[in-house]
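The values are calculated or read from the model by the stated rules, or taken from the named source; none is laboratory data. Just so it is clear, the model here is predicted, and its values are computed rather than measured. Glycine also receives a Cβ, built like all others from the backbone with ideal geometry; neighbour counts cover every protein chain displayed.
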């Protein structure tokens, strides 16, 4: 049932993104190294869509870094007008806000769910990357969240189908699979849990089959971030390829072809910076601009090792802290932890560059796990801090720090609630809260 609240959320989210869309078309936002509002839409997606329309195949004929459905979803809109290809991204981003409301409402009060959905609708992090820059996390993220919603309602087959489609739009959606496997097996048992796994495999194999046949080396190499290089023959660059800054292992830098001369050419400029008293050098500029740069500048090796250690020290304990988190907060948070345990090490150990927008699904899942004022405040503020963070090498640390704060908040909250219900138990009693008493207490608090 579509309530008045859901209608208001959709209207606000659409209005904000339509305004951002109009602004970007009329007066495009200049690239800013701190915001990392990359021009991938004009520099990569539009040339790829043009090549697709000319009969070329992704992976084999032109370089393409996502799973197949992303470019094919954009193509019908590209046929109408090149920049109309942004519409699926913008609309999906607007519709993400009401899905967050539906997820949060299952474990929190109406007020918390409303604020969480409006927090996404007005989130600068989401607006910059999907509402203005039109990057590739949508519409994968929308389908992922709808899948989470169906999983929470114990509809494993629907959740599996949507997750499979999300993975085939962008492979990052697969990072939640460990949590999904756990919940499918726990709620339905081993035998019944096999059905959603088979559905997921059927979708991914059906979509991947043409590319596994026609681009049998390039397709696996690209969608696995180059991790299969050792098992595959040497990567042969596609004949049509945009000049790139670095990229995946095995990729070679090639000049932009004449297929689309409108696309801006990426060039490289040496940039210097001083961080922690050390002089650093970075390569990275776009469209010939020289950038005053912090975001792309790495720290010294010693500092990087220290930061990586801190990230891992904060990340690994989350697996054990999940057992201490209240049941009503545990479900969505466990999916966020699954995502973090894969995407954060990938970013930290430089398989992918430290691009902030890769973390939009993680920040959104953490927002969708909000159950009280404190968790909602933490999940709302951290993406804003991340967007304003001028140091690229802190990109992985911020979401992990947020997750630790959320876990500590919920664990302390659970302990306080135990004492409140029966002070004689103290903090070391063995009283086990059930979901109804836990939820009721929180609703009274809100």
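Looking at the structure I just gave you, is residue 361 within 16 Å of the chain's Cα centre (by Cα), touching a residue at least 40 places away in the same chain (Cβ under 8 Å), over 18 Å from residue 145 (Cα atoms) and surrounded by 21 or more Cβ atoms within 10 Å (Cβ to Cβ)?
For residue 361, the condition - within 16 Å of the chain's Cα centre (by Cα), touching a residue at least 40 places away in the same chain (Cβ under 8 Å), over 18 Å from residue 145 (Cα atoms) and surrounded by 21 or more Cβ atoms within 10 Å (Cβ to Cβ) - is not met.
Quick one: in the stretch 323-341, which of the residues that are assigned to a helix (DSSP H, G or I) and at pLDDT below 90 is surrounded by the fewest Cβ atoms within 10 Å (Cβ to Cβ)?
The residue in question is 323.
If residue 379 passes every condition in (1) in contact (Cβ under 8 Å) with a residue 40 or more places away in the chain; (2) farther than 15 Å from residue 120 by Cβ but one, which one does it miss?
Unmet for residue 379, out of (1) in contact (Cβ under 8 Å) with a residue 40 or more places away in the chain; (2) farther than 15 Å from residue 120 by Cβ: (2).
Taking the stretch 376-412 only, how many residues are under 15 Å from the mean Cα position of the chain (by Cα) and assigned to a loop (DSSP other than H, G, I, E, B)?
Qualifying residue count for the region: 2.
Check residue 391 against each of (1) touching a strand residue (DSSP E or B) at 6+ places or on another chain (Cβ under 8 Å); (2) within 14 Å of residue 124 (Cα to Cα) and name the one condition it does not meet.
(2)
Would you pick out the residues in the stretch 364-375 that are assigned to a helix (DSSP H, G or I) and crowded, with 21+ Cβ neighbours inside 10 Å?
Of everything in the stretch 364-375, those that are assigned to a helix (DSSP H, G or I) and crowded, with 21+ Cβ neighbours inside 10 Å turn out to be 364, 365, 366, 367, 368, 375.
Mind listing whichever residues of the stretch 18-38 are buried (at least 20 other Cβ atoms within 10 Å of the Cβ) and out of contact with any helix residue (DSSP H, G or I) (no Cβ under 8 Å at 6 or more places or on another chain)?
33
Only one of 94, 15 is part of a helix (DSSP H, G or I), at pLDDT 90 or above and surrounded by fewer than 17 Cβ atoms within 10 Å (Cβ to Cβ); which?
Matching residue, one of 94, 15: 15.
Looking at residue 129 and the list (1) surrounded by fewer than 19 Cβ atoms within 10 Å (Cβ to Cβ); (2) modelled with pLDDT under 95, which single condition is not satisfied?
The failed condition is (1).
Report the residue count in the stretch 29-74 for those that are outside any loop (DSSP other than H, G, I, E, B) and within 24 Å of residue 394 (Cα to Cα).
Our first condition is that a residue be outside any loop (DSSP other than H, G, I, E, B); within the stretch 29-74, this holds for 40-53, 58, 62, 69-74.
The next check asks that each one be within 24 Å of residue 394 (Cα to Cα); those that pass are 40.
Within the stretch 29-74, residues that are outside any loop (DSSP other than H, G, I, E, B) and within 24 Å of residue 394 (Cα to Cα) number 1.
Being under 20 Å from the mean Cα position of the chain (by Cα) and farther than 28 Å from residue 118 by Cβ narrows it down to one of 39, 48, 54, so name that one.
Answer to the selection: 39.
Got at least one residue in the stretch 46-63 being within 30 Å of residue 385 (Cα to Cα) and crowded, with 19+ Cβ neighbours inside 10 Å?
Step one: list which residues in the stretch 46-63 are within 30 Å of residue 385 (Cα to Cα), which gives none.
No, the stretch 46-63 has no match at all.
Return the pairs, sorted by first residue and then second, in which the second residue is exposed (fewer than 15 other Cβ atoms within 10 Å of the Cβ) and at pLDDT below 85, the first residue lies in the stretch 173-194 and is at positive phi and in a helix (DSSP H, G or I), the beta carbons are less than 9 Å apart, and the residues are 6+ apart or on different chains.
Matching pairs, first to second residue: none at all.
Name the residue that is nearest to residue 98 (Cα to Cα), counting only residues in the stretch 139-172 that are outside any helix (DSSP H, G or I) and in contact with a helix residue (DSSP H, G or I) (Cβ under 7 Å, 6 or more places away or on another chain). Quick ask: steps written out before the conclusion?
Quick first cut of the stretch 139-172, residues outside any helix (DSSP H, G or I) only: 139, 153-155, 170.
In the following step, the residues that additionally are in contact with a helix residue (DSSP H, G or I) (Cβ under 7 Å, 6 or more places away or on another chain) were identified as 139, 154, 170.
Numbers: 139: 14, 154: 20, 170: 22 Å.
This residue is 139.
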